[in-house]
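Since the structure comes first, as structure tokens, the remarks are kept for the end.
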Amino acid sequence: MNRNGSFLIDILSILPKNNIVCHIQAPDIESENISSILSKTSDPALMLMEIDNNSIATITEEVCNNNIQDSIQYISFENNGNIIFEGYDGLEYNIFSKSFELPLWFIEKYEQYDMYAVSPNW
């Protein structure tokens with residue numbers, strides 16, 4: 001697992017525990033485990049995933065075993081309709097909402113690698 005894999009797993013660990021949905025564009029992921037937790041959206045390029053303990057465990061397993069994060073073209077996490085995170089290009093480019101409070105340990109772990117930005121607008 002590379003740093004982007006750890007980054008995705010750590011993002012999942014800091015998300016609020018209720019009302020989180022994920023939109024993901026990753027057409028190259030062919031895992032049956034991932035397919036089982038995704039549903040279609042009105043946009044044929046995006047899939048929808050409800051974030052719960054099962055989906056977190058599935059994503060974590062696939063990141064650790066198959067480096068699926070490298071195939072993610074776009075991913076967003078929303079809380080009650082508000083985007084709190086967007087990631088692009090295998091999680092090379094990432095941005096958090098200015099209203100999302102990042103834990104100090106997360107900042108200390110990833111800020112030095114310039115792994116993310118915080119939006120000044122949303």
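Summary value for region 1-84: 44 percent relative contact order, contacts being C-alpha pairs under 8 angstrom separated by 6+ residues. Of all accessible surface on the chain at a 1.4 Å probe, what whole percent is carbon and sulfur? Of all accessible area on the chain, carbon and sulfur atoms account for 45 percent. The angle between the Cα long axis of helix 53-66 and the main principal axis of the chain comes to about 90°, on a 0 to 90 degree scale.
What ranking do 72-81, 27-36 get when scored by the average of other Cβ atoms within 10 Å per residue, highest first?
Final packing ranking: 72-81, 27-36.
Averaged over its residues, region 10-93 has an accessible area of 54 Å² per residue, based on protein heavy atoms and a 1.4 Å probe. Of the residues Thr58, Thr41, the one with the largest accessible area comes first in the ranking Thr41, Thr58, computed with a 1.4 Å probe on protein heavy atoms. Packing-based ranking of 42-53, 85-96 yields 85-96, 42-53, ordered from highest to lowest mean Cβ neighbour count within 10 Å.
In this simple spin-label model, placing a label point 7 Å from the Cα along the Cα-to-Cβ direction at both Thr60 and Leu102 gives a separation of 2.2 nm. The 1.4 Å probe gives accessible areas that order Lys17, Lys109, largest first, as Lys17, Lys109. Full extension of the chain segment joining Asn80 with Ala45 gains 10.4 nm, where the gain is 0.36 nm per residue of separation less the Cα-Cα distance.
The values are calculated or read from the model by the stated rules, or taken from the named source; none is laboratory data. Computed from a prediction, not measured in an experiment: that's the story for all the values here. Neighbour counts run over all protein chains shown; Cβ positions are idealised from the backbone, glycine included. For the accessible areas, the whole protein counts, side chains as well, though only heavy atoms, and no ligand, DNA or RNA atoms are used. Shrake-Rupley method; radii C 1.70, N 1.55, O 1.52, S 1.80 Å.
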